[in-house]
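Everything below concerns the one structure shown next.
The values are calculated or read from the model by the stated rules, or taken from the named source; none is laboratory data. Being a predicted model, the structure only gives us computed values, none of them experimental. So basically every Cβ, Gly included, is an ideal-geometry build from the backbone, and we count neighbours across all protein chains shown.
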Amino acid sequence: MDYQELFLEAIATLTVNKMRTALAILGIVIGIGSVIALISLGQATQASVQSQIQSLGSNLLTVQPSAQRTGAVQGAFGGGTTLTLEDAKAIETSGQITSVRNVSPELQRRAQVTTGNTNTNTQIVGATAVYTDVHKVTISSGSFITEQHVDSLSKVAVVGPQVVTNLFGENASPIGQTIRISGQTFTIIGITTSKGGSGFQNQDDIVYVPLTTAQKVLFGIDYVSSISLEAKSAEVMTDAQNEVGYLLLARHKFNDPTQADFSIFSQQDILNTASSITGTFTSLLSGIAAISLIVGGIGIMNIMLVTVTERTREIGLRKALGAKKKTITLQFLAESIMLTFTGGVIGIIVGILTSYVISLATSSTFVISPAAILIAFAVSATIGILFGWYPAKKASDLQPIEALRYE
Amino acid sequence: MAVRPIIEVSHLSKIYKTESIETVAVDDVSFTIHKGEFVAIMGPSGSGKSTLMHVLGALDRPTSGTYILDGENVENLTDDELADIRNRKIGFVFQAFNLLPRTTTMKNVAIPMMYAGIPKVEREATAKKFLEMVGLGDRLHHATNQISGGQQQRVAIARALVLNPALILADEPTGNIASAQAEEIMAIFTKLHKKGHTIVMITHEPDIAEHAKRIIHVHDGKII
């Protein structure tokens, strides 16, 4: 009796009791399906978070003021006032700094923006001409802020598409029109291309004004909220971080880097943090799915035990006719493996379809991990062997006369 | 030189132990059966004839005594070795037919050959040949639950014959069959006997036992 025959025989036996077979398979389908769907959901989340972070700019380093300490009180992160435009200029002009391509001092504040009778609360970014290069911002019509605008404190604004929709309505072309920010009138000179994103990270809900205008005209301050640096390549990120770090330490007169009033972090740091969060999320989901897989396996074992009891006479007959222990064991193992195998295949299809539907519904990326499929498949086969082994052993240990007498 | 007997039983006993009670089912029995004999083992229920049949069929081990089947000592064999003996040397015909339900007659007849490792094509040809021999050439692809009791027992006889066993062991072969069909079954056994098969039949019905050429009477575990 070869293996091909063994499995054909198993299929024949399983098709006799279709309802029971279907229910046993269903347990595995749900287990495998949810493992695959949840893993790919996790990975899709991870991929979309990564692509959003990357869309903020490549080879990006951000210098931010550290939280300020006033006595024992720790101030809010990013609320410091220690970074200035002069710091940015020093980085740009220093002969020791060789790894930085662009330096973009920025000031970010929220403010009320009005036009006519509509108004919106949005993010105001005081920027310089290099902002577009550093943050990969593109202009869909008009132009961005120039150096001349920054030098002359021009009251011009570049707006994101969300701001246009909020203030002027869908698909309006407001170039040349004016908006009022904190009571000051600004002329719109450009509109940025949509970048997507939402909520706190919405890249489209921003009004850009010249940095100096934001400092002097709008908010009356002389510091910047951050300095973004574009390194020359991904390889020199660490060099850039060190060069800028030492320069600023010296400028701010600190000897001990741990006492510094600023911090520099790279996009990679943010990416790593985000990845580790989404990674934890993914393993949590797969853990829950794995439990349902085990429950499915126990279901298979239950069905196989019932089958063994029900087929006691058949087992006795087969032994009387010359079946050896191994043959009976293999017969029952083949059946449970067929159950989990079929459940595994259907589960993989169901899992892929589910992830596809989820990706359509949430308009996220559709990711299927071959590793998840392989693992799910291996696990389902292992479950078939593990949970099928005990019933198979029980069957093969039956004595032929006991089994033949069984009513 | 004397022909070696198919069955050689000497001082064979089978004792069942349940906690403190010992039940002697077969008590110091000795007999021999030669090739080509048609023997009926007769006795009322509880006489120990079923236990004797289990031992003769290598389904159970004797408590003491020796049993040599076709030159092989059946004592001290492992479960798998016993399975092998049953497969090669014994063709069983049971009272309750014991066919696989919802399975074709062909497949049922082919089962012993499957465990003997005979290739599928050959199995099907042999199964067909023996089903035709018992008059079921037109029922090859019927499921066993779609045919009559008499036909089922004929399938079982075909199954018993496929590996040309040294011994055909029939346990109340007509017990579950209407009397008209029972005659047909006995006619097949008579035919097989004429062809030279060795047949041992267990029964409690005297008119069935009459078909045999020799009758061994069992009572209270002893031959009388």
ask   = Considering segment B:140-165 alone, what residues qualify as being assigned to a loop (DSSP other than H, G, I, E, B) and in contact with a Pro (Cβ under 7 Å, 6 or more places away or on another chain)?
value = B:Val162, B:Leu163
note = Here the residues within segment B:13-49 that are within 14 Å of chain A (Cβ to nearest Cβ) and within 16 Å of B:Ile90 (Cα to Cα) are none
Within segment A:178-241, strands (runs of 3 or more DSSP E) holding 1 or more residues that are without any contact (Cβ under 8 Å) to a residue 12 or more places away in the chain and under 15 Å from A:Ser104 (Cβ atoms) = none
key: Selection count where residues are within 24 Å of B:Glu172 (Cβ to Cβ) and of a type in the set (Lys, Arg), scope segment B:12-34   = 1
inquiry  = Show the residue pairs meeting these rules: Cβ distance below 8 Å; 6+ apart or different chains; first residue within segment A:345-360 and not assigned by TED's automatic domain parsing to the domain that holds A:Leu293; second residue of a type in the set (Gly, Ala, Ser) and surrounded by 18 or more Cβ atoms within 10 Å (Cβ to Cβ).
reply    = none
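Residue by residue through segment A:131-169, note down the ones that are in a loop (DSSP other than H, G, I, E, B) and surrounded by 19 or more Cβ atoms within 10 Å (Cβ to Cβ).
Answer for segment A:131-169, where residues must be in a loop (DSSP other than H, G, I, E, B) and surrounded by 19 or more Cβ atoms within 10 Å (Cβ to Cβ): A:Val137, A:Phe144, A:Ile145, A:Ser154, A:Gly160.
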note = Of those in segment A:373-407 that are hydroxyl-bearing (Ser, Thr, Tyr) and within 14 Å of chain B (Cβ to nearest Cβ), the residue surrounded by the fewest Cβ atoms within 10 Å (Cβ to Cβ) is A:Tyr406
message = Just to confirm my filter: which strands (runs of 3 or more DSSP E) fall fully inside segment B:1-85 and include at least 3 residues that are β-branched (Val, Ile, Thr) and surrounded by fewer than 16 Cβ atoms within 10 Å (Cβ to Cβ)?
response = B:21-33
request  = Check B:Leu140 against each of (1) more than 21 Å from B:Glu184 (Cβ to Cβ); (2) surrounded by fewer than 17 Cβ atoms within 10 Å (Cβ to Cβ); (3) of a type in the set (A, V, I, L, M) and name the one condition it does not meet.
outcome  = (1)
Residue check, A:Leu339 within 37 Å of the chain's Cα centre (by Cα) and closer than 20 Å to A:Glu5 by Cα = yes
key: Within segment A:23-59, tally of residues that are small (Gly, Ala, Ser) and over 16 Å from A:Ser380 (Cα atoms)   = 9
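Going by the conditions given, is A:Gly183 small (Gly, Ala, Ser) and under 19 Å from A:Asp222 (Cα atoms)?
no
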request  = From B:Val3, B:Val74, B:Val26, B:Val93, grab the single residue that is under 22 Å from B:Gly221 (Cβ atoms), in contact (Cβ under 8 Å) with a residue 24 or more places away in the chain and not acidic (Asp, Glu).
outcome  = B:Val26
request  = From (1) buried (at least 20 other Cβ atoms within 10 Å of the Cβ); (2) in contact with a strand residue (DSSP E or B) (Cβ under 6 Å, 6 or more places away or on another chain); (3) free of Cβ contacts under 8 Å to residues at least 60 places away in the same chain, pick out the condition that doesn't hold for B:Ala170.
outcome  = (3)
task = Can you give me the number of residues within segment A:144-157 that are among the hydroxyl-bearing types (Ser, Thr, Tyr) and over 12 Å from A:Thr187 (Cα atoms)?
result = 2
ask   = Does A:Leu61 fit the bill of being out of contact with any Gly (no Cβ under 8 Å at 6 or more places or on another chain), modelled with pLDDT of 75 or more and either in a helix (DSSP H, G or I) or buried (at least 16 other Cβ atoms within 10 Å of the Cβ) (or both)?
value = yes
remark   = In segment B:96-106, anything more than 9 Å from chain A (Cβ to nearest Cβ) and either more than 13 Å from the chain's Cα centre (by Cα) or surrounded by fewer than 18 Cβ atoms within 10 Å (Cβ to Cβ) (or both) is listed as B:Thr104, B:Thr105, B:Met106
inquiry  = Need the failing condition index for B:Leu136 against (1) over 23 Å from B:Met201 (Cα atoms); (2) free of Cβ contacts under 8 Å to residues at least 40 places away in the same chain, just the number.
reply    = (1)
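Rundown of residues vs (1) assigned to a helix (DSSP H, G or I); (2) closer than 18 Å to A:Thr13 by Cα; (3) touching an Asp or Glu at 6+ places or on another chain (Cβ under 6 Å); (4) within 14 Å of chain B (Cβ to nearest Cβ), yes/no style:
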{"site": "A:Thr340", "(1), (2), (3), (4)": "yes, yes, no, no"}
{"site": "A:Leu353", "(1), (2), (3), (4)": "yes, no, no, no"}
{"site": "A:Val367", "(1), (2), (3), (4)": "no, no, no, no"}
{"site": "A:Ala371", "(1), (2), (3), (4)": "yes, no, no, no"}
inquiry  = So, in segment B:107-147, how many residues would count as being more than 21 Å from A:Leu14 (Cβ to Cβ), touching a Lys or Arg at 6+ places or on another chain (Cβ under 6 Å) and within 12 Å of chain A (Cβ to nearest Cβ)?
reply    = 2
key: Tally, over segment A:361-375, of residues that are at pLDDT below 80 and farther than 22 Å from A:Ser51 by Cα   = 0
task = Name the residue, out of A:Lys319, A:Lys326, that is within 14 Å of chain B (Cβ to nearest Cβ), surrounded by fewer than 24 Cβ atoms within 10 Å (Cβ to Cβ) and in a helix (DSSP H, G or I).
result = A:Lys326
